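The values are calculated or read from the model by the stated rules, or taken from the named source; none is laboratory data. All values derive from a computational prediction rather than experimental measurement. In this analysis, Cβ positions are derived from the backbone assuming ideal geometry, glycine residues included, and neighbour counts consider all displayed protein chains. Just so you know, the surface numbers come from the protein's heavy atoms only, side chains and all, with ligands and any DNA or RNA stripped out. Shrake-Rupley method; radii C 1.70, N 1.55, O 1.52, S 1.80 Å.
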Amino acid sequence: MRVRSFVVLCVLAASIAAVFGLACGGTAFDSQSKVNGVRMFGVRADKPYAKPGETVTLEVLSTDARRAKPRPLEIFWIPIVCINPRDDLYYLCFVPSQTADGGSIDGGTRLVAPFPPDGGAPPGGGASGGGLSSIPVGIDLGPFLPKGPTFSFPMPDDVIKERPGTPPYGLAVVFNIACAGQVRLAERTGNRPQQVPIQCTDENGVPLSPDDYVIGINRVYSYADRTNTNPVVERITLDGVDVDPKQGITVDRCVAKRRSDCKPVKIDVKVSDASWEPNPGADGKGNQREQIWVAYYSDLGDLQDEARLLFDSTEGRISESDVEFRPPYEPGEGTLWAVVHDNRAGAAFVVLPLHVQ
């Protein structure tokens, strides 16, 4: 089963960003599990599948692991929700003529929070309520954007649309950014149509390093007859022994000369059996269930695998789902993050203190 999980996770790791909302940022060429800058590990909806008319609350799991922090990190939300962009393509949310129902505010992008808060226009012009395309380009939007780890919006009553060849559903797309600077909207360019035109800049409008920001693209689906709940983490183990989440994980530093000879420990996340929910749309017959996996991140040491499969869609719980962690050479205090995903936009967060002695 371990070999099978490796194969599946090669696919999952490549698709996590597209499915669950992590878009831009992070140091190029570094392992995704190595945390050394601004990171947004995931965004969790309290209702992964929301009914029309329900209020959805999104919650961010993020950190700021930069060594130098000349500017504080903040989470900013674009308070204009994009509803049913054509072909579910997030980047068309910024092209009014390409959004649902001809790009009208009622069918395409919708204002769900005052922009700006006092109802006036942001400095430099631009009217509120005009959708994503009406936000002025090049000014600091920070004073006018909702901030913080959570953001709530109402799922429109008429969100569900007929879809050729598939059951009717609705889609809401919400954009956010973890930025250690100022947030600005950039001009769209024809040679990079899939780029989200949101920038994190310094006070002079100069774009900051990818270590200073992450852009999130967050999708919430709506069905008339389908529900989904977030996975439930029951316990975390270290070498098979349960870990107290408040105390975290304590390991000895590596003393071997070669990194490959450092003694690893095994970390595992155990999810409840009830989290393995039916996935009625997977095979058209309602016989399959969700696929559930966990992605790991750490600011100390090295993880052998960035993600591990926990539940297979047909075979159930994976018997060997642990990941090997090799401590660093130097003692220190750090953090281990684990984000559990299911393949229907459900998520659960685990944050563990990491003590290397």
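Would you mind getting me the FRET efficiency between LYS246 and GLN288? Use the beta-carbon distance for r and R0 = 35 Å, nearest 0.05.
0.40
Which order do SER319, SER313 take by accessible area at a 1.4 Å probe, largest first?
Correct descending sequence by accessible area is SER319, SER313.
Expressed in nm to one decimal, what extension gain is obtained for the pair ASP261 and THR166 from 0.36 nm per residue of sequence separation less their Cα-Cα distance?
Values: separation 95, 0.36 × 95 = 34.20 nm, distance 5.20 nm.
Between ASP261 and THR166, full extension yields an extra 29.0 nm.
Measure up LYS34/LYS257; LYS47/LYS69; LYS47/LYS147; LYS246/LYS270 against 27 Å on the Cα-Cα distance and list the ones that go over.
Listed pairs above 27 Å: LYS47/LYS69.
Under a crude label model (7 Å from the Cα following the beta-carbon direction), how far is VAL351 from THR57 in nanometres?
Label-label distance for VAL351 and THR57, simple model: 1.6 nm.
Arrange the residues ASP202, ASP157, ASP342 by how much accessible surface each exposes, largest first, with a 1.4 angstrom probe.
The ordering from most to least exposed comes out as ASP157, ASP202, ASP342.
What FRET efficiency comes out for ASP225 versus LYS147 if R0 is 51 angstrom and r is the Cβ-Cβ distance? Round to the nearest 0.05. Walk me through the numbers before you get to the answer.
On the way: r = 36 Å, r/R0 = 0.71.
Computed FRET efficiency for ASP225 and LYS147: 0.90.
With a 10 Å radius around each residue's Cβ, average the other Cβ atoms per peptide and rank 173-186, 258-271, highest first.
Highest to lowest by the protection proxy: 173-186, 258-271.
For the range 160-212, what ratio Rg/Rh do Cα atoms give with a Kirkwood hydrodynamic radius?
1.19
Just the accessible area for THR229, please: 1.4 Å probe, Å², rounded to the nearest 10?
About 80 Å², rounded to the nearest 10.
Would you calculate the volume per residue, in Å³, of the smallest convex hull containing every Cα atom of the range 302-357?
Details: hull volume 5.0 nm³, N = 56.
Cα convex hull per residue, to the nearest whole number: 89 Å³.
Take the Cβ-Cβ distance between GLU203 and ASP273 as r, set R0 to 51 Å, and report the resulting FRET efficiency rounded to the nearest 0.05. Could you put the intermediate results ahead of the total?
Numbers: r = 52 Å, r/R0 = 1.02.
It comes to 0.45.
On a full-extension model of 0.36 nm per residue, what is the gain between ASP64 and ASP158, subtracting their alpha-carbon distance, rounded to one decimal in nm?
Using 0.36 nm per residue and subtracting the Cα-Cα distance, I get 30.0 nm.
Roughly how many nanometres apart are two label points built 7 Å out from the Cα toward the Cβ at THR314 and THR237?
A separation of 2.7 nm, rounded to one decimal place.
Quick one: order HIS355, HIS341 from most to least accessible surface, probe 1.4 Å.
Values: HIS355 50, HIS341 5 Å².
Sorted descending by solvent-accessible area, the residues read HIS355, HIS341.
Using a 1.4 Å probe, how large is the accessible area of ARG235, given in Å² and rounded to the nearest 10?
100 Å²
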